[in-house]
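No lab work stands behind these numbers, since they all come straight from the coordinates. As the structure is a computational prediction, the values presented were derived from the model and not from experiment. Reconstructed Cβ throughout: ideal geometry from the backbone, glycine too, with neighbour counts over all protein chains shown.
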Amino acid sequence: MENLINIFVRSVFIDNMVFAYFLGMCSYLAVSKTVKTSAGLGVAVVFVMAITVPVNYLMNKFLLLPGALSWLHPSLASLDLSFLSFIMFIAVIASIVQLVEMVVEKYSPSLYNALGIFLPLIAVNCAILGGSLFMQEREYETLAEATVFGLGSGLGWFLAIISIAAIREKIKYSNIPKPLRGLGIAFILTGLMGIAFMTFMGIKL
Amino acid sequence: MKALRNYIDKIKPNFQKGAKFGMFHSTFDAFETFLFVPNKVTTKGSHIRDFVDMKRTMTVVITALIPTLLFGMWNVGYQHSLMIGENWTLWQNFWFGFLKVLPLLIVSYGVGLGIEFAFAQSRGHEVNEGFLVTGILIPLVLPVGVPLWMVAIATAFSVIIGKEVFGGTGMNVFNPALLARAFLFFAYPSHMSGDNVWVAGLAHGAKAVDGFSGATPLSNAASYHIDSIPSTYDMFMGYIPGSIGETSKLAILIGAAILLITGIGSWRIMLSVVIGGLSAGFLFNILSVNPYMDVPAWQHLIMGGFAFGAVFMATDPVTAAQTNKGKWIFGFLVGFMALLVRVLNPAYPEGMMLSILLMNAFAPLIDHYVVQANIKKRLKRAQKVAQ
């Protein structure tokens with residue numbers, strides 16, 4: 001249990017997807033103009049990450065790792081398919097996003113309308129793929145750990161995008177030098193927020 | 001005085017737009033408003049007419065900072081005299097510290113105001129008084145041994161990246177003085193932390209008398225040397241090593257009183273920072289896993305930069321939360337996070353700077369949700385009345 005809490009706090013604050021690894025920047029910068037839309041995108045990312053990371057964990061464990069296929073037949077124990085992980089993870093993410101979209105559309109049209117274009121957009125968000133690759137690289141032991149990590153990373157990304165969206169709403173009417181308006185100031189802001197997020201560097205639980 | 005007024009009036013036409021020195025329009029304007037109260041009024045946009053304009057606000061804050069500055073100067077000399085083991089008089093201490101601190105002030109003002117003037121010239125707006133406070137805050141949050149060129153770089157960074165690119169005074173998202181300190185803290189950590197930087201002369205290998213360590217109370221506590229934390233009286237009065245302005249809680253309280261009586265500092269933020277710090281402290285006291293967690297909660301308030309940050313940094317009207325409810329949340333989280341970083345994060349001995357910067361990043365978000373909640377509440381009330 002303590003281990004799970006540790007992973008959760010680490011993935012939300014310390015190893016924040018945006019401020020520690022600068023992943024998922026394209027949608028983070030493009031959609032963060034208002035708090036409302038960025039909250040929608042953030043919820044979608046949390047949703048997708050909490051599903052894809054555990055699924056990819058299972059893929060990794062039972063298909064890709066060296067000897068992972070031995071449950072199928074003992075002669076496959078020497079097979080190492082980990083070179084396929086990129087293509088595998090992307091395929092899983094893309095298909096799960098499609099599935100999620102269909103399910104949401106069927107059972108909760110209001111949520112579907114709220115998320116709109118963001119759901120399919122997420123399929124190409126590098127934070128999602130990054131989450132799965134970190135899960136593989138850090139060798140989480142159990143399915144629970146992978147799920148908590150996926151949920152935490154998604155929440156960290158959510159926190160990052162709504163906080164910058166609030167700041168961008170606030171500075172909308174500031175007299176920013178012309179060349180920096182829009183994306184330029186968003187990059188500077190992200191850097192400064194990265195400094196602020198250094199608060200958590202090195203915290204040990 | 002009259003002669004000066006006449007002289008300014010005489011040279012004024014030269015500085016009008018299109019005249020001989022038209023390009024120095026805003027520099028002239030800055031000096032004129034610095035010397036005299038202008039009779040100009042705002043021409044567009046909604047605004048509130050008030051006796052307390054920006055110049056007066058900044059002057060009050062500087063007045064509130066004077067006690068900490070003077071005590072800081074004295075303490076620099078006092079710590080140095082302790083280190084070399086001599087018994088100096090009050091004036092010797094003060095003079096030594098004065099000569100150490102004055103260059104820091106000059107560099108921070110020189111660089112910062114130079115950049116402000118340059119930006120005002122090139123962008124065609126007026127020079128704002130905002131930097132007068134930042135310029136005095138920057139030396140106050142630095143250790144005395146920091147080289148002058150670092151002060152210059154940090155000031156330039158915080159004024160350009162932290163303030164001017166956002167449109168100048170009043171538009172910045174992060175507190176410029178803390179941004180300068182954070183910049184130095186991460187770029188030159190060896191000059192900003194450790195036990196050797198807090199006392200003038202100690203870093204250069206000068207001979208210190210036996211038993212003098214130069215460690216701050218926080219670094220004592222972080223290394224579990226709870227016994228060597230100075231007495232409460234010493235920490236309250238400020239006879240301890242530390243950043244120039246942070247040591248004396250008495251001087252800070254005088255400043256806080258000035259800010260509160262004039263209504264310029266927000267009492268909500270100050271109070272809620274203290275509440276946040278105390279509640280984190282009590283939480284640690286209950287958990288009590290290591291010796292640091294046993295340090296009484298109230299003692300945290302007089303260690304390190306907690307008091308200075310609560311009074312002068314967190315209350316910054318630009319970067320803090322703007323709504324009243326938001327101020328309570330903002331302040332509480334600042335205090336809470338500061339102690340969290342202090343006790344749980346072995347990488348940093350002090351958490352006040354980073355927790356304020358972090359909450360600066362979240363302040364607009366807090367405001368946003370406070371405003372949304374208020375809108376929802378009033379909408380409900382209106383609907384009830386309509387029914």
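Structure above, values below:
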{"read-out": "Sites B:Arg5 and B:Ile160 - FRET efficiency at Förster radius 30 Å, r taken between beta-carbons, to 0.05", "value": "0.30"}
{"read-out": "Residue among B:Val133, A:Phe197, B:Leu69 farthest towards the positive dipole end of the protein assembly as shown, charges placed on Cβ", "value": "B:Val133"}
{"read-out": "Distance between modelled label sites at A:Phe83 and B:Lys12, nm, 7 Å Cα→Cβ extension", "value": "8.1 nm"}
{"read-out": "Global geometry of the protein assembly as shown, whether rounded, prolate or oblate, following the gyration tensor of its Cα atoms and the 1.5 cut on a/c", "value": "oblate"}
{"read-out": "Too-long pairs where the Cα-Cα distance tops 27 Å, listed order kept, from A:Lys33/B:Lys163; A:Lys178/B:Lys377; A:Lys172/B:Lys249", "value": "A:Lys178/B:Lys377; A:Lys172/B:Lys249"}
{"read-out": "Eligible aspartates and glutamates near B:Lys327 by straight Cα distance, threshold 13 Å, same-chain separation 8 or greater", "value": "B:Asp316, B:Asp367"}
{"read-out": "Largest to smallest principal axis extent of the C-alpha atoms in chain B, angstrom", "value": "69, 67, 35"}
{"read-out": "Nearest-0.05 FRET efficiency for A:Ala114 and B:Asn324, computed from C-beta distance (R0 35 Å)", "value": "0.70"}
{"read-out": "Which of A:Val35, A:Ser174, A:Trp71, positive extreme of dipole for chain A (C-beta unit charges)", "value": "A:Ser174"}
{"read-out": "The protein assembly as shown, helix-only ellipticity at 222 nm - DSSP H runs n ≥ 4, -39,500 (n - 2.57), divided by all residues, nearest 500", "value": "-20000 deg cm²/dmol"}
{"read-out": "Positive-pole candidate from B:Met150, B:Gln16, A:Pro109, dipole of the protein assembly as shown, charges at beta carbon", "value": "B:Gln16"}
{"read-out": "Linear extension gain, B:Ala118 paired with B:Leu102, 0.36 nm per residue minus alpha-carbon span", "value": "3.4 nm"}
{"read-out": "Size of charge dipole - the protein assembly as shown - debye, nearest 20, with Cβ of Lys, Arg +1 and Asp, Glu -1, no other charges", "value": "2600 debye"}
{"read-out": "Inter-chain Cβ neighbour average for residues B:174-186, partner chain, 10 Å", "value": "2"}
{"read-out": "Simple spin-label estimate for B:Asp234 and B:Ile62 in nanometres, 7 Å along Cα-Cβ", "value": "3.5 nm"}
{"read-out": "Residues B:Phe24 and A:Tyr21, FRET efficiency given R0 of 56 Å [Cβ-Cβ distance, rounded to 0.05]", "value": "0.75"}
{"read-out": "Cα-based Kirkwood hydrodynamic radius, the stretch B:266-387, one decimal, Å", "value": "15.2 Å"}
{"read-out": "Chain A: Cα Rg divided by the 2.2 N^0.38 Å rule of thumb", "value": "1.12"}
